[in-house]
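A.B. asks: Before anything else, here's the structure in question.
The values are calculated or read from the model by the stated rules, or taken from the named source; none is laboratory data. As the structure is a prediction and not an experimental result, all values here were calculated from the model. Cβ atoms come from the backbone with ideal geometry, glycine included; neighbour counts cover every protein chain shown.
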Amino acid sequence: MIRAAIIGATGYAGAQLARLLYMHPEVQVVRYGSRSQEGKPYASIYGAFRDLVTEPCGGEDLSEIAEEADVIFTATPQGYLASVISEEILEKAKVIDLSADFRFHDTDVYEAWYKIEHQGKQFVPEAVYGLCELHRSEIPGARLVANPGCYTTCSILSLFPLVKDGLIRPETIVIDAKSGTSGAGRGAKVDNLFCEVNENVKAYGVATHRHTPEIEQELTLAGAGEVTVSFTPHLIPMQRGILVTAYANIKEGVTEEDVAASYQAMYASEPFVRLLGSSPAQTRFVYGSNYCDIGWVVDKRVGRVVVMAALDNLIKGAAGQAVQNMNLMFGFPETMGLEMIAEVP
């Protein structure tokens, strides 16, 4: 049994971590950290934990928490972990960070897109990008894992095989992505009020969204040279879910069979990637699960492939992926505690 701490436990991703870790057979949660709710019973904030979790919210002092936890999950705003991480903490506990602080190989890129000075640059070289399907071999030995977010996970998984196998022209990639409102977090924001979101769909961060360089960084690892993408996110009136529709020009002679073979070769044995062939992915079939569903169609008329992918932004796009990383880091079966089927209807 390992001891886990959640920092930022009262946010949406933190609450999902609390739920998944409570059900995990090899984990005991020893700290529900929350700066804003310290001292309040955790179950008084999320009634789903009534009679199950009796502990109050604790503080967020990582040096203190590292003395009692084997793994620390930080579901905190950008800049927090980089400002407090230390060698002493990493010597005592593994850290899985759900922010963007350690996702970028180049801190200049991080600072340019997030407008924050990176205060933990010395730890960037050892941080592992925690997308298990790409970096599984590196994760078990890591002390610090940068857990990818929802838009990036869905976009990278949907396109990586095609870039790796040279089936598309990377410079033509266009990603149209849609997210439920929980992706913006639990903080009070006018743009997320019911009357602002309901019966409305809008694009935001057009040509400037800060997940763009993260997608480009990982797709570039596919070996087709530096990849640039056109990424546009949209906010849609539902609580959770990500739907990516990505477009790219196929290279001359590429067939539907080539595209299918590319996906099969990379993902056929992946426990949390489901291949749908020409069936469009739907968010309702991944709701509450750790699956990413991917479908595709080759539009021969225009010489383009259309890729459709869906995942739950709070599970495979956040907490579930973090638990998947934890399982690898501690030698548990990768699927342990994560074999949930989507809740439908």
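A.B. asks: Using the structure shown, decide if VAL206 is at pLDDT 95 or above, touching a helix residue (DSSP H, G or I) at 6+ places or on another chain (Cβ under 9 Å) and either surrounded by 15 or more Cβ atoms within 10 Å (Cβ to Cβ) or assigned to a loop (DSSP other than H, G, I, E, B) (or both).
C.D. replies: No, not satisfied.
A.B. asks: Against the definition (of a type outside the set (Ser, Thr, Tyr), surrounded by fewer than 19 Cβ atoms within 10 Å (Cβ to Cβ), within 16 Å of the chain's Cα centre (by Cα) and in the same structural domain as VAL244 (by TED's automatic domain parsing)), how does ALA177 come out, yes or no?
C.D. replies: For ALA177, the condition - of a type outside the set (Ser, Thr, Tyr), surrounded by fewer than 19 Cβ atoms within 10 Å (Cβ to Cβ), within 16 Å of the chain's Cα centre (by Cα) and in the same structural domain as VAL244 (by TED's automatic domain parsing) - is not met.
A.B. asks: Among residues belonging to segment 129-153 that are under 16 Å from ALA222 (Cβ atoms) and touching a residue at least 40 places away in the same chain (Cβ under 8 Å), point out the one that is surrounded by the fewest Cβ atoms within 10 Å (Cβ to Cβ).
C.D. replies: ARG136
A.B. asks: Are there any pairs, at least 6 apart or on different chains, whose C-beta atoms fall under 8 Å, with the first in segment 102-113 and on the phi < 0 side of the Ramachandran plot and the second surrounded by fewer than 17 Cβ atoms within 10 Å (Cβ to Cβ) and assigned to a helix (DSSP H, G or I), and if so, which?
C.D. replies: Hits for this filter: THR107/LYS121.
A.B. asks: Report yes if ASP165 is in the same structural domain as ILE236 (by TED's automatic domain parsing), over 30 Å from ASP70 (Cβ atoms), modelled with pLDDT under 95 and over 19 Å from the mean Cα position of the chain (by Cα), otherwise no.
C.D. replies: No: the conditions fail for ASP165.
A.B. asks: Looking only at residues that are surrounded by 12 or more Cβ atoms within 10 Å (Cβ to Cβ) and hydroxyl-bearing (Ser, Thr, Tyr) in segment 38-57, which one is nearest to TYR12 (Cα to Cα)?
C.D. replies: Top of the filtered list is TYR46.
A.B. asks: Which strands (runs of 3 or more DSSP E) does segment 267-317 wholly contain that include 1 or more residues that are of a type in the set (Asp, Glu) and surrounded by fewer than 16 Cβ atoms within 10 Å (Cβ to Cβ)?
C.D. replies: 292-299
A.B. asks: Can I ask one more? Could you check THR172 against (1) surrounded by fewer than 22 Cβ atoms within 10 Å (Cβ to Cβ); (2) of a type in the set (Ser, Thr, Tyr); (3) in contact with a Phe, Trp or Tyr (Cβ under 7 Å, 6 or more places away or on another chain) and say which number it fails?
C.D. replies: With respect to (1) surrounded by fewer than 22 Cβ atoms within 10 Å (Cβ to Cβ); (2) of a type in the set (Ser, Thr, Tyr); (3) in contact with a Phe, Trp or Tyr (Cβ under 7 Å, 6 or more places away or on another chain), THR172 is out only on (3).
A.B. asks: Check VAL344, VAL297, VAL323 and return the single one that is β-branched (Val, Ile, Thr) and in the same structural domain as THR172 (by TED's automatic domain parsing).
C.D. replies: Step by step, each of VAL344, VAL297, VAL323 is checked, and only VAL297 is β-branched (Val, Ile, Thr) and in the same structural domain as THR172 (by TED's automatic domain parsing).
A.B. asks: In addition: For segment 240-251, does any single residue satisfy the condition of being crowded, with 16+ Cβ neighbours inside 10 Å, over 19 Å from the mean Cα position of the chain (by Cα), outside any loop (DSSP other than H, G, I, E, B) and of a type in the set (Gly, Ala, Ser)?
C.D. replies: yes
A.B. asks: ALA184 passes all but one of (1) touching a residue at least 60 places away in the same chain (Cβ under 8 Å); (2) under 21 Å from the mean Cα position of the chain (by Cα); which number fails?
C.D. replies: (1)
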